[in-house]
Amino acid sequence: MKRAILATLLVVCPALPALAANLEFSANGEVEYDDNVFRSERNKEDDVLFRLRPGLRIYEDHGDDLNFSAGYEAPVEFSIHNSSELNDVDHIGSGIFDYHVNNKVDVFGSESYGYLRSTLRQPDVNTQAQALEPGTLEFNDQRDRVKTNDASLGMNYHFSPRTVGRAIASSSFFDSTRQDRARVWSVSGSADALYKLTLKHQVGGGAGYTYQDFGDRQDISGSHTNTYRVFGSWRWTATPTLSLDLSVGPAYLETEQDDASRVRTEPTFPFSLLPSATVSGFFDKNGNDLFNSATPDHSDNVGVIGQGSVLLSSLNTVQGSNCGQINGTPVASLCNGNVIIDSNTDPVAVNEVTSSSIPVTNLNPGGKRDREFTGFVDLVLTQRWSPNLATALRYSRQQGDASGLGGTAIVDAVSLSNTWDFAERWQLAIRGDWARRQSAFDIAQTYDSLTAQTLASPGGSVPLAARTGSAFNSTRNVDIDTDSWGVGGRITHQLFKTTSIYVQARYSEQDSKTNSLGSDSDFENFLATFGVRHVFEPIPLW
């Protein structure tokens, strides 16, 4: 972690012997009401959070040739009701630089690093409308630890007063502590050129390549995707206050998934009913019967045994002939699954037999290979209504990683932002986001075949739901199909030159197709935040 933060500081300061540089300290304090602190679909828990955000920054923003900024923040969060789970410290490093080499060449770069838990990853409501960022709502991580790192390095080359070429190389990294998330690393490069056709129109085109690598996650083997795209560009300055930027073109994606293990050893599952009995029930991973428990824990995925043999994949899908009902509502034949333990089973016997295991042979371990033709789009429309009011609308269709859910996704995203300086020292910012993520390819997921049988244990004979010793890979219902959206507003008042206060409210929602990957992360959430920010007078360094 420290190494990544140090790299962030170094990459943006390649020439510290510049004419000037300043050191700036800042402090930010917030109190926040969160009506769903763990972003769960059921059993929501609200809480009041206090957050301190100390930070420092080294920058030069008035340099002749070199301008840069490198900063570090350490948000510290305290919770009133969930202190043991939410009190934590995050680490955020970011930096940018641009260097004017000569009249033809400009070099620029950026990097952002995050080691996050308390600060959930969502777009900043205060994003300036005239420079709207492409960030959209992420698949929720339920306050598990997440590491992210995004970096880019590029160059502009002025062939002539009318023609500008650009080349950019970038990389991204994502890693979560969740078992149902894969580590994702990607690297990409693109080159394009714009020609100034008239005072209002610029046209051009380019090409790009992206390599995306997904590590293994629970029940889904890793994969890698190669993406090739070409595109045309158009920049239209309709009026001095209205502009349109458009980049659109076809893309070709090819993916190859690693094969699953052919043979592995897995534990058996204790169960209280006789092996010959017809079993139908819902149990959470702690062994609580969801039908009979006074306080069923619906936040856990549930397991099912139907009539005869069934298919079970931990945290994924179970197919049985009788999935039963929850609260009187019939459940379809495909149900979310987890380790099956009946609450009536002797806890001592359960502990004794959980070490029992059985070899499992995968009858179809082959991963999927596929290719896809699609189109990518990036459109930004900006309008400055007055010196104090600006609006920006962005639509993009791009390749994404869906926070490591299980393979490449295609993301359609729309963002709308407004900023309005409606009075002296007062600003209102409003932002809305919508995103749809869908799998680009079918990804194979491993399912195990189960039957009920009695196995001996040190504590006696205990009925178990044991694997038959066979498994297979399937693409049935193994996809990503999720909609997420959010809307928020923020009012900021500049008390003094370096001190501001703000009030912010945001509502977010995520909804996935039943049984698709990501459905266990669905949530609704409302946040209300009051904060104070102070920036100390900069200290000249040289």
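The values are calculated or read from the model by the stated rules, or taken from the named source; none is laboratory data. What you see is a predicted model, and the numbers here were worked out from it, not measured in a lab. No Cβ is skipped: glycine too gets one built from the backbone with ideal geometry, and neighbour counts run over all protein chains shown.
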Subset of the stretch 365-398 (residues that are of a type in the set (Gly, Ala, Ser), within 30 Å of SER221 (Cα to Cα) and under 24 Å from the mean Cα position of the chain (by Cα))
GLY375, SER396
Working only within the stretch 198-234, note down all residues that are over 16 Å from GLU254 (Cβ atoms) and free of Cβ contacts under 8 Å to residues at least 24 places away in the same chain.
THR198
Pair list, Cβ < 9 Å and 6+ apart or interchain, from the stretch 184-196 residues that are basic (Lys, Arg) to residues that are part of a strand (DSSP E or B) and surrounded by fewer than 18 Cβ atoms within 10 Å (Cβ to Cβ)
LYS196/THR163; LYS196/VAL203
Residue check, ARG162 out of contact with any Pro (no Cβ under 7 Å at 6 or more places or on another chain), in contact (Cβ under 8 Å) with a residue 24 or more places away in the chain and at positive phi
no
Assuming ASP219 fulfils every condition listed in (1) surrounded by 15 or more Cβ atoms within 10 Å (Cβ to Cβ); (2) at pLDDT below 95; (3) charged (D, E, K, R); (4) farther than 24 Å from VAL146 by Cβ apart from one, which condition is it?
(4)
Failed condition for ARG178, given (1) more than 19 Å from GLY232 (Cα to Cα); (2) part of a strand (DSSP E or B); (3) basic (Lys, Arg), with all others met?
(2)
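A quick yes/no check of all residues on (1) acidic (Asp, Glu); (2) under 24 Å from the mean Cα position of the chain (by Cα); (3) in the same structural domain as PHE530 (by TED's automatic domain parsing):
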| position | (1), (2), (3) |
| --- | --- |
| ALA27 | no, no, yes |
| TYR33 | no, yes, yes |
| ASN36 | no, yes, yes |
| ARG39 | no, yes, yes |
| LYS44 | no, yes, yes |
| ASP47 | yes, yes, yes |
| ILE58 | no, no, yes |
| HIS62 | no, no, yes |
| PHE68 | no, no, yes |
